[in-house]
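A.B. asks: Mind having a look at this structure? Questions to follow.
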Amino acid sequence: MSILQSSKMMVMQVSGLSKDALHVYVGLGVMLIGAIVLRKGLRDWRLLAAVGVAALAGEAWDLIDTLVQGEPVRLRGNWKDVWNTLFWPVVLFALARFTRVLKARRPLRAALRTAAGRRCSHGRARTPARGAASARAHCRNR
């Protein structure tokens, strides 16, 4: 048994999850960790490509292990594993790319700026209570 197969068996025993559930978690994990590391949104195709590469690499390793052990190859099982790994990342990608479901209503930076009040170039707060004309004059007089 290869190190990959031993690792999968250990994770299954410790977590109590099935092999199919682990594929779902790996797919989501690769996509979300990739989004954090690359600082990309879920609508970026590279995240989906990374999940696809991970799924295919894992199944290639499984096929090699199967052949080395002299067992019959079951491509239907391998396809199911790839499907389980890719399904939810594809759903998240499609929702982020083609719908407004995962879009922020207001960018975080704008929300924070509104909450804290605007600042001049010299760092002094412009408060809305002073009025727009007063705030502009405040910045020019500095």
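Computed from the coordinates by the stated procedures, all read-outs in this text should not be read as laboratory data. Bear in mind the structure is a predicted one, so any value in this text is a computation, not a measurement. Every residue, glycine among them, receives a Cβ derived from its backbone with ideal geometry; neighbour counts consider all protein chains shown.
A.B. asks: If R0 is 25 Å, what FRET efficiency do you get for residue 83 and residue 105 from their C-beta distance, rounded to 0.05?
C.D. replies: So the FRET efficiency works out to roughly 0.15.
A.B. asks: Using only Cα atoms, figure out Rg for region 6-46 and give it as a multiple of 2.2 N^0.38 Å.
C.D. replies: Output field value: 1.43.
A.B. asks: Under 14 Å from the Cβ of residue 94, count the other residues' Cβ atoms, weight Lys and Arg +1, Asp and Glu -1, and hand me the total.
C.D. replies: Here the count lands on +3.
A.B. asks: Could you give the length gained by full extension between residue 69 and residue 91, i.e. 0.36 nm per residue of separation minus their alpha carbon distance, to one decimal place?
C.D. replies: 4.4 nm
A.B. asks: Using alpha carbon centroids, what distance separates region 1-30 and region 37-55, in Å?
C.D. replies: For region 1-30 versus region 37-55, the Cα centre distance is 20 Å.
A.B. asks: OK, next. Report the per residue volume, in Å³, of the convex hull enclosing the C-alpha atoms of region 30-83.
C.D. replies: Looking at region 30-83, the number lands at 69 Å³ per residue.
A.B. asks: Estimate the FRET efficiency between residue 76 and residue 32 by the formula 1/(1 + (r/R0)^6), using the beta-carbon distance for r and 41 Å for R0, to the nearest 0.05.
C.D. replies: For R0 = 41 Å, the calculated efficiency reads 0.90.
A.B. asks: Rounded to a whole number of µm²/s, how large is the Stokes-Einstein D of region 3-98 at 20 °C and 1.002 mPa s, given Rh as the Kirkwood radius over C-alpha pairs?
C.D. replies: D = 152 µm²/s.
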